[in-house]
1. Between Ile178 and residues 5 or more places away or on another chain, which pairs have amide H atoms under 5 Å apart, with H built 1.01 Å from N, and which residues are they?
2. Among Ser44, Tyr114, Leu101, whose Cα lies farthest out toward the positive end of the dipole of the chain, if unit charges sit on the beta carbon of Lys, Arg (+1) and Asp, Glu (-1)?
3. With charges only on Cβ, +1 for K and R and -1 for D and E, what is the dipole size of the chain about its Cα centre, in debye, rounded to 20?
4. Name the longest site-free stretch of the chain, where the excluded sites are trypsin sites (Lys or Arg not before Pro) in a DSSP loop with no more than 12 other beta-carbon atoms within 10 Å.
5. Quick one: Karplus J couplings for the stretch 169-177, per residue in order, coefficients 6.51, -1.76, 1.60, θ = phi - 60°, nearest Hz, x for Gly and Pro?
6. At 222 nm, what value in deg cm²/dmol follows for the chain if DSSP H runs of at least 4 each add -39500 (n - 2.57) and the sum is divided by all its residues, to the nearest 500?
7. Against the longest alpha carbon principal axis of the chain, how many degrees, from 0 to 90 and to the nearest 10, is the axis of helix 26-46 turned?
8. Among all the lysines, which ones have a C-alpha under 18 Å from Lys36's C-alpha, if same-chain residues fewer than 8 places away are not counted?
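A short reminder: the numbers here are calculations on the coordinates, not readings from a lab. All of these numbers come straight from a predicted model, not from anything done at the bench. Cβ placement follows ideal geometry from the backbone for every residue including glycine, while neighbour counts extend to all protein chains displayed.
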Amino acid sequence: MTDRILPLGDPRLRIVCEQVKDVGDRTFQAENRRLKAALNAFRSEWGFGRGIAAPQIGIPKRFVSINLGEGTHSLINPEIKWRSSETFTLWDDCMCFPDLLVRVRRNLSVSISYLDEQGEPKAWEHLGQAESELLQHELDHLDGVLATDLALDARSLIYRTAFEADPAAFQCQVDYVIQQGRDRSAM
């Protein structure tokens, strides 16, 4: 059975997560398998989803799982090391509130450091827009920050059904649109 993704309002989503101390620890390895399974299950059910953070299934530790089309893997103790000064707006979504979209502002590019699943230090430098917005969203979760906290104004929270009924009206309100559709291979 796959872990349930916590819904908006669950207080566990507001916890500032603790560092993973030992990637070889059996408890952590089991938690990592659970997080990857939760991402894969969500993608199967909803047809979208590129990343998930551990607190979204109630694990208060600093790691995220992502799938950018090359399989699901985890970034452990990820940290943003650099942010571009250039920003953009987008309608962001979240597994914790899949029926809502939130208009937010993100940095156009970021650089991160993290440990891979074998505990080896890694870095991604000057990431592209799609990866940057995803990682900013997921790393916010590790600090108890949700996209709803970052809404640009009172009109920046909408139902997904409203967006889907007239996407052009909403797409013109932002600089960037996440390309996800219902085809999982495009994620």
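1. For Ile178, the qualifying residues are Trp91.
2. So the residue we want is Ser44.
3. In debye, rounded to 20, the chain gives about 300.
4. Result for the longest clean stretch: 22-154.
5. 5, 8, 4, 6, 8, 10, 8, 8, 10
6. -7500 deg cm²/dmol
7. Between helix and principal axis, roughly 30 degrees.
8. The qualifying lysines are Lys61.
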